[in-house]
1. As I understand it, the dipole of the chain uses +1 on the Cβ of Lys and Arg and -1 on the Cβ of Asp and Glu, about the Cα centre. Which of Leu249, Ser146, Leu291 lies farthest toward its positive end?
2. Treating cross-link reach as a plain straight distance, find the lysines whose alpha-carbon is under 26 Å from the alpha-carbon of Lys233, omitting any fewer than eight places away in the same chain.
3. Please list 3J(HN,Hα) in residue order for the stretch 96-107, calculated via the Karplus relation 6.51 cos²θ - 1.76 cosθ + 1.60 where θ = phi - 60°; whole Hz, with x for glycine and proline.
4. Based solely on its DSSP helices, what 222 nm [θ] is calculated for the chain when runs of n ≥ 4 H residues each add -39,500 (n - 2.57) and the sum is averaged over all residues, nearest 500 deg cm²/dmol?
5. Over the chain, consider all pairs of different Cα atoms and compute the Kirkwood hydrodynamic radius from their mean reciprocal separation; express it in Å, one decimal.
6. Taking the Cα centre as origin and putting +1 on Lys and Arg beta-carbons and -1 on Asp and Glu beta-carbons, what dipole magnitude results for the stretch 187-312, to the nearest 20 debye?
7. Kindly put Met154, Met183 in sequence by how many other C-beta atoms sit within 10 Å of each C-beta, fewest to most.
8. Would you mind ranking Val148, Val9 by Cβ crowding within 10 Å, fewest neighbours first?
Amino acid sequence: MADKYWGQVAQLTGLAHCPNQGPFGLKDGAAIGSRNGYIVAIGPAKDGNKQSVKIMVRFPETSDGNLARMALENSNELAVALETDKVAAKQLKPASISTNSILWTWTYMLGKPKAEKLAAVANAIVNALKGTVPDFQGKCETCRNSSVSQVMLMNNLPGYFCSGCQFKAQEQQDSAAREYEAMESNLGLGLIYGAGAAFVGSLGWAAIALFLNRISLWAAFGIGFLVAWALIKGMGRITMMGQAAIALLTIASVLFGDVLFYTGYIVRNENVPFSGALLGRVLSIFWSVELKEGWLSIGFALIAAVYAVYQKGRKPKFNVVFTQLAPEGQANSATLS
Ligand SMILES: [Zn+2]
């Protein structure tokens, strides 16, 4: 696993190489740490087909986003590192500069820039900020009060987070989870909404099928969504019973929609007036037709329903995760989740 390149970058920048960690999401992770009081991460990245190495420098929110840009433009060290006379807008093109961070994206075609060159640019950026852009001063970036000695990851973003603020974030997640658990679950209302949606879905299904002269699998998707959405709307917190009801109502909606479609088809194409007898005739042959033709639409409708339940009806996921850095060669990583 030892990667000489990133180990070298880490060494030249005074950071720690943490494989699989950091904001860029690749196996090689990033060199992460603090320098001059700023949080720094340098690592490989991939945007689509474009390969790059990225330098991220984080600093406390400034009121003026131009502060960091000016600091970079005035840096002789950065000019030297970039092998240019003067840092101007052109040189800063790879940099996306905000009021609290710089993200330098160094795209390349054939090979990564030399480790020395990458480190020189990163160090120059960090040195340029010093004295112009305030640093974290070893303080928690959330409360700006407690001293923090180590850089940690919050959802892979490196920063300074004190144990108090980590605890608070955890508490907020827990109470949101409790709120969800305490949410009312009204199966009766859910069934009313769901049945209404299923009926509307059947009418729409038949109308679209009659219009197109064939069934449309997109309409099947629509039914699944509609039924699930309506039932969840009525029910609130969804339970296993609710999920089962969504599945049954979705199937019922498609089946009834097909009954209407077949009946309507005969009424229109054979000029037979609608009657109970006609409906009976359709129903008598319904299953033999439906077993051949209907299962695909039912399948599609159910997929949509499952997807809608997954999107809207599941317990919300609260995912603020704090992780300690796990530098290469040190096999200790603790996850607070
Ligand atoms: Zn704090």
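No value in this document is a laboratory result; all are computed from the given coordinates. Fair warning: this is a prediction, and the values are worked out from it, not measured in the lab. Glycine gets a Cβ as well: all are built from the backbone with ideal geometry, and neighbour counts include every protein chain shown.
1. Comparing the listed Cα positions along the dipole, Leu291 ranks first.
2. Of all the lysines, those that pass the test against Lys233 - Cα under 26 Å, at least 8 places apart if same chain - are Lys312, Lys315, Lys317.
3. Running phi through 6.51 cos²θ - 1.76 cosθ + 1.60 with θ = phi - 60° gives 10, 10, 10, 6, 9, 6, 10, 10, 9, 10, 9, 7 Hz.
4. Mean residue ellipticity, 222 nm, calculated: -17500 deg cm²/dmol.
5. On the way: mean 1/r = 0.0405 Å⁻¹.
It works out to 24.7 Å.
6. On the way: 7 positive and 4 negative charges, 52 e Å.
Dipole magnitude for the stretch 187-312 comes out near 260 debye.
7. Met183, Met154
8. Exposure proxy ranking, most exposed first: Val148, Val9.
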